[in-house]
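*Asks:* Take a look at the following structure, please.
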6 protein chains.
Amino acid sequence: MRGFYIGRFQPYHDGHHHMVEEIATEVDELVLGIGSAGDSHTRRNPFTAGERVMMVTKALDELDVTTYVVPIEDLERNSVWVSHVQSMSPKFDVAYSNNPLVVRLFEEAGVEVRSSPMFKREVLEGSELRGRMIRGDGWRDLVPDEVVDTIEEIDGVARIRQVASSDANGGDDHARPSETDTDGETPDPA
Amino acid sequence: MRGFYIGRFQPYHDGHHHMVEEIATEVDELVLGIGSAGDSHTRRNPFTAGERVMMVTKALDELDVTTYVVPIEDLERNSVWVSHVQSMSPKFDVAYSNNPLVVRLFEEAGVEVRSSPMFKREVLEGSELRGRMIRGDGWRDLVPDEVVDTIEEIDGVARIRQVASSDANGGDDHARPSETDTDGETPDPA
Amino acid sequence: MRGFYIGRFQPYHDGHHHMVEEIATEVDELVLGIGSAGDSHTRRNPFTAGERVMMVTKALDELDVTTYVVPIEDLERNSVWVSHVQSMSPKFDVAYSNNPLVVRLFEEAGVEVRSSPMFKREVLEGSELRGRMIRGDGWRDLVPDEVVDTIEEIDGVARIRQVASSDANGGDDHARPSETDTDGETPDPA
Amino acid sequence: MRGFYIGRFQPYHDGHHHMVEEIATEVDELVLGIGSAGDSHTRRNPFTAGERVMMVTKALDELDVTTYVVPIEDLERNSVWVSHVQSMSPKFDVAYSNNPLVVRLFEEAGVEVRSSPMFKREVLEGSELRGRMIRGDGWRDLVPDEVVDTIEEIDGVARIRQVASSDANGGDDHARPSETDTDGETPDPA
Amino acid sequence: MRGFYIGRFQPYHDGHHHMVEEIATEVDELVLGIGSAGDSHTRRNPFTAGERVMMVTKALDELDVTTYVVPIEDLERNSVWVSHVQSMSPKFDVAYSNNPLVVRLFEEAGVEVRSSPMFKREVLEGSELRGRMIRGDGWRDLVPDEVVDTIEEIDGVARIRQVASSDANGGDDHARPSETDTDGETPDPA
Amino acid sequence: MRGFYIGRFQPYHDGHHHMVEEIATEVDELVLGIGSAGDSHTRRNPFTAGERVMMVTKALDELDVTTYVVPIEDLERNSVWVSHVQSMSPKFDVAYSNNPLVVRLFEEAGVEVRSSPMFKREVLEGSELRGRMIRGDGWRDLVPDEVVDTIEEIDGVARIRQVASSDANGGDDHARPSETDTDGETPDPA
């Protein structure tokens, strides 16, 4: 059986990894979809799809199941999103998600969905991790070692600090390569 | 004379229908444009273009004038929006709208625009109706019967409740099929 | 040496002009990029790319250096934004920007970036100027004369007032040619 | 039962109409999808979506079944095309098509497809009809009367003649609003 | 009076320049639109928009009228093409074109169009010039000196030779950054 | 050192595999880019990105180097194509390609490119392989075993035969989910 698990993985952390390890006990092959693949260099989405492919692939190396890691670009059309995902992924039998919208879309398309509790939700949240990088607090213990390696190889902490300062410091007249995103410093209420 | 009236119709309600009946006294043929046709499965835009085409077409069945119901996908370029609308619609002589931006765009393009007061604005507002569906309050008396039929055929209330819970409950790490929209529970101040 | 300076120029004002005059002392040729070229008819982006090309070109007429004025459409992909800019502009040796994200993107692409303090930031801010147009306060003394001429030729103040009223007055059911933008009446904290 | 039938309808002709009348004996409601809705003003696609909506709607007026006429913009992604069509149309139970690709796509998506022989294929072919318009040969007897009315209202024959001359006469240096299409003067080998 | 003249300018040559000089006798200000601005690095469209902006701007420097040079990206929608052009250009009173499609689109939009015979059409044709660059035949005498300078600055002849060899030599399995274009070695029949 | 090799892999065959094995002797990590990732269900591009990810990943399983397999959607803009590829891939030091356009684009972006002769070019060509599938000739001996498995799992031969018949048999009036491609039955002249 082949399973599919999608996330933005900004960055991939121990909460994701814990969930992947649980899924790996249920499936023979696992596809990880890198969501919002076209986004990067913002506070909410600091890393490119390629950088996330690298950190996820390396972190999954020890798993026993066959894994695929595929970037999924946003399509901004909920009604065709499932077909888009299916075209970018090896055919899968079950999708894993806790997000009500994702669950709804897969279910309306006739795809089986399974949910599971996230591990240590209060700290293992992408926005919390990004906030720690920006403030200089500890984050290395909350992600797999391979993710630390990747972020250091690409000088990722310096990047997220610099792009985050666009929000606080950037005046109205600046050019806008991409919409400023609004990732708060506190974790989302989940 | 052919008239054009555009709305998102999420859902089509008695306020819209009242306005359509008034327009029908002024024109021979009426085009209804289903705006933001590509959006669906969000709290602000729960229904697909096709579902809205169905509810509007059935609700207009009794009208004496010839009607056309055409989905209009967003183009995100105000400067070409009028041309886009004109290419998707039978040629029209007058556009009906109360929205200042829509009025401005049509006027700059040399199209006659007529405005008229909306009927029972305080309750007949899309966001109010969607809030009632989510909270379990009464909404069936505020829309044409054919709209009730359509929403029940597609299990629409369950859908809007499920996707609305993405806003309150969804953590940061979830995949993002589409930007969460920010439709508040209270009616807009209009 | 050829320099590149990008802004949205909504509208082009004395703060921009002051910076351009300084840059002109450092380069032989200067490219001005009109950012968010596809946006217009909103409170935050009232003027089309063509209207901004006209006001900037006329305001630069007296400069001694060769100038190019090129519209740059948004691409919504930070990772390819520099390549996009480079393909629309004559080849340049140095980019001028104070925006941390723009600086980061150019630096990661190996392009030299220079920053400089903006002139009279407290009033020479696009959002402040647009707020003055909407409220009927004085704005003509804060922009080059050629910009006043252009805005009057296109009836620009009436346009920004009308589209700005969409935010305050427009109810939920209205059609949406483009996302309402959220330009506040007070200057940005920069 | 609701059926779906898609075509480019450039223009809608007696062959289409014959097929629609047959489908109408099998379904309660019929959706006509106007394919390649964004294309117009070329030899192969002379009429806008709105113009085709008008000719089809008027030609279907006498039918006993409820009909919907919806423009379908191209998405250039076969793998999501069925979902796209489904989002723009009221939910349908069966699709009608003779095109092998369309049949394949619907079947892979689990949608029932029915095929049927086209009527008088040798003359009732869009490219043959457009060729006749360009050469000044008779075409009015091969389309419903309402289509003649629409094409005359929009001065359609003059348009197709003028845009067709771009192929034969247009040199390389001309601006290119859209790719020249390659509709030959002879009917396709079907 | 302001005039608008659009071309792909691959490259800008004496035929274009001759036409521009004639137009300059009829208008006060002239806008040159660089068509297919997003295309480059193919046999048919070797130069980027920015490179063409540079060659055109420098070649126009001696003209007495005020000139604007604006890249126009393709939109692949003929029905909104005029609005798109108008949004990227200072407002113009008359368009110059010999292309029947362009003439038709402007006329349907109510814009005055003027046509004029091209100068020395048999050699002053973009495809002829590009063929000469590829074959090593003389081309420098057929373009303004500033165009020679620009093409040499960007090593343009080497580029067009290399990308042209993709057509003849490239097998099926190669990656495809962009559709191969089909610019023949002989001039177009115009 | 990390290498990057891109192809459409329609399907992945022994010629590709031979080249990959050679590259693997030169690099520590290898990224395979699946080009034209959005295309599928045509004669020239029968398989989805996900299906190609599966066949390539399984065929690479025995390699000693770390491999990444990433779909790359077309962008139709040569000038930003390298940046697009770089954003979807882990950072690489050298690109492998025999295509002159790809070589040119990488070189202009400052990326090292290496070329090498393809293995048994006369039969190991995608179009030859697809022709054999359509005609019922032998193709299984020309691809890795894992590719045979994948194509059989997805019923790929039936699909390519059905969509290929659209070219020969499809009349003009059919709906067009995607442009018909023009893959001839004979191998390309390379």
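*Asks:* Hey, can you tell me all the residues within the stretch E:45-83 that are touching a residue at least 40 places away in the same chain (Cβ under 8 Å), acidic (Asp, Glu), within 9 Å of another protein chain (Cβ to nearest Cβ) and surrounded by fewer than 24 Cβ atoms within 10 Å (Cβ to Cβ)?
*Replies:* If the condition is that a residue be touching a residue at least 40 places away in the same chain (Cβ under 8 Å), acidic (Asp, Glu), within 9 Å of another protein chain (Cβ to nearest Cβ) and surrounded by fewer than 24 Cβ atoms within 10 Å (Cβ to Cβ), then E:Asp61 is the only one that fits.
*Asks:* Next up: Determine whether the stretch E:35-44 contains at least one residue that is farther than 30 Å from F:Arg104 by Cβ and either under 12 Å from the mean Cα position of the chain (by Cα) or touching a residue at least 12 places away in the same chain (Cβ under 8 Å) (or both).
*Replies:* no
*Asks:* Continuing with this model, one more query. Restricting to the stretch B:84-103, and then to whatever is assigned to a helix (DSSP H, G or I) and not hydrophobic (A, V, I, L, M, F, W, C), can you tell me which residue is farthest from the other protein chains (Cβ to nearest Cβ)?
*Replies:* Step by step, filter the stretch B:84-103, then rank; the result is B:Gln86.
*Asks:* Is it the case that the stretch C:66-85 has a residue that's within 16 Å of C:Ile151 (Cα to Cα) and out of contact with any Cys (no Cβ under 7 Å at 6 or more places or on another chain)?
*Replies:* no
*Asks:* Quick check on C:Ser166: is it in a helix (DSSP H, G or I), at pLDDT below 90 and in contact with a Lys or Arg (Cβ under 9 Å, 6 or more places away or on another chain)?
*Replies:* It is true that C:Ser166 is in a helix (DSSP H, G or I), at pLDDT below 90 and in contact with a Lys or Arg (Cβ under 9 Å, 6 or more places away or on another chain).
*Asks:* Let me ask something additional. Within the stretch B:140-151, which residues are in a helix (DSSP H, G or I) and either closer than 18 Å to B:Leu124 by Cα or more than 18 Å from the chain's Cα centre (by Cα) (or both)?
*Replies:* B:Arg140, B:Asp141, B:Leu142, B:Asp145, B:Glu146, B:Val147, B:Val148, B:Ile151
*Asks:* Give me the pairs: first residue in the stretch D:13-31 and surrounded by fewer than 22 Cβ atoms within 10 Å (Cβ to Cβ), second residue small (Gly, Ala, Ser), beta-carbon distance under 8 Å, and six or more apart or on different chains, which are they?
*Replies:* D:His17/D:Ala59; D:Met19/D:Ser116; D:Glu22/D:Ser116; D:Ile23/D:Gly3; D:Glu26/D:Gly3; D:Val27/D:Gly3; D:Glu29/D:Gly3
*Asks:* Restricting the search to the stretch F:27-63, which residues are under 20 Å from F:Leu75 (Cβ atoms) and hydroxyl-bearing (Ser, Thr, Tyr)?
*Replies:* Of everything in the stretch F:27-63, those that are under 20 Å from F:Leu75 (Cβ atoms) and hydroxyl-bearing (Ser, Thr, Tyr) turn out to be F:Ser36, F:Ser40, F:Thr42, F:Thr48.
*Asks:* Inspect the stretch B:93-112 for any residue being surrounded by 21 or more Cβ atoms within 10 Å (Cβ to Cβ), more than 27 Å from D:Val65 (Cβ to Cβ) and of a type in the set (Asp, Glu) and give the result as yes or no.
*Replies:* No, that holds for no residue.
*Asks:* Would you confirm, using the coordinates I've provided, whether D:Val56 is β-branched (Val, Ile, Thr) and within 20 Å of D:Asp149 (Cα to Cα)?
*Replies:* The answer is yes for D:Val56.
*Asks:* Which of (1) outside any strand (DSSP E or B); (2) facing another protein chain (nearest Cβ under 10 Å); (3) in contact with a Ser or Thr (Cβ under 9 Å, 6 or more places away or on another chain) is the odd one out, the single condition B:Gly33 does not satisfy?
*Replies:* Against the list (1) outside any strand (DSSP E or B); (2) facing another protein chain (nearest Cβ under 10 Å); (3) in contact with a Ser or Thr (Cβ under 9 Å, 6 or more places away or on another chain), B:Gly33 comes up short only on (1).
*Asks:* Restricting attention to the stretch A:31-54, which residues are touching an Asp or Glu at 6+ places or on another chain (Cβ under 6 Å) and hydrophobic (A, V, I, L, M, F, W, C)?
*Replies:* Selection gives A:Ala37 alone.
*Asks:* Considering only the stretch B:25-73, how many residues are among the hydroxyl-bearing types (Ser, Thr, Tyr) and within 12 Å of B:Pro11 (Cα to Cα)?
*Replies:* Residues that pass the stated criteria total 2.
*Asks:* Right, something else. Before we move on, is D:Asp137 on the phi < 0 side of the Ramachandran plot, part of a loop (DSSP other than H, G, I, E, B), away from chain E (no Cβ under 14 Å) and at pLDDT 95 or above?
*Replies:* Answer is yes for this residue.
*Asks:* Let me ask something else. Kindly establish whether C:Ser36 is surrounded by fewer than 24 Cβ atoms within 10 Å (Cβ to Cβ) and under 30 Å from E:Val82 (Cβ atoms).
*Replies:* yes
*Asks:* Also, quick follow-up: Taking the conditions exactly as written (within 28 Å of E:Ile160 (Cα to Cα) and more than 13 Å from the chain's Cα centre (by Cα)), does F:Met1 satisfy them or not?
*Replies:* Taking the combined requirement at face value, the residue does not satisfy it.
*Asks:* Can you go through D:Ser178, D:Ser116 and tell me which one is in a loop (DSSP other than H, G, I, E, B), crowded, with 18+ Cβ neighbours inside 10 Å, modelled with pLDDT under 95 and among the polar types (S, T, N, Q)?
*Replies:* D:Ser178 is the lone residue from the list that is in a loop (DSSP other than H, G, I, E, B), crowded, with 18+ Cβ neighbours inside 10 Å, modelled with pLDDT under 95 and among the polar types (S, T, N, Q).
*Asks:* All but one of (1) in contact with a Lys or Arg (Cβ under 8 Å, 6 or more places away or on another chain); (2) buried (at least 17 other Cβ atoms within 10 Å of the Cβ); (3) over 30 Å from D:Ser79 (Cβ atoms); (4) at pLDDT below 75 hold for D:Pro187; state the number of the condition that does not hold.
*Replies:* With respect to (1) in contact with a Lys or Arg (Cβ under 8 Å, 6 or more places away or on another chain); (2) buried (at least 17 other Cβ atoms within 10 Å of the Cβ); (3) over 30 Å from D:Ser79 (Cβ atoms); (4) at pLDDT below 75, D:Pro187 is out only on (1).
*Asks:* Hey, another quick one. Taking D:Phe106 as the residue in question, decide whether it is within 14 Å of chain A (Cβ to nearest Cβ) and among the aromatic types (Phe, Trp, Tyr).
*Replies:* yes
The values are calculated or read from the model by the stated rules, or taken from the named source; none is laboratory data. Remember, predicted model here, so these are calculated numbers, not experimental data. No Cβ is skipped: glycine too gets one built from the backbone with ideal geometry, and neighbour counts run over all protein chains shown.
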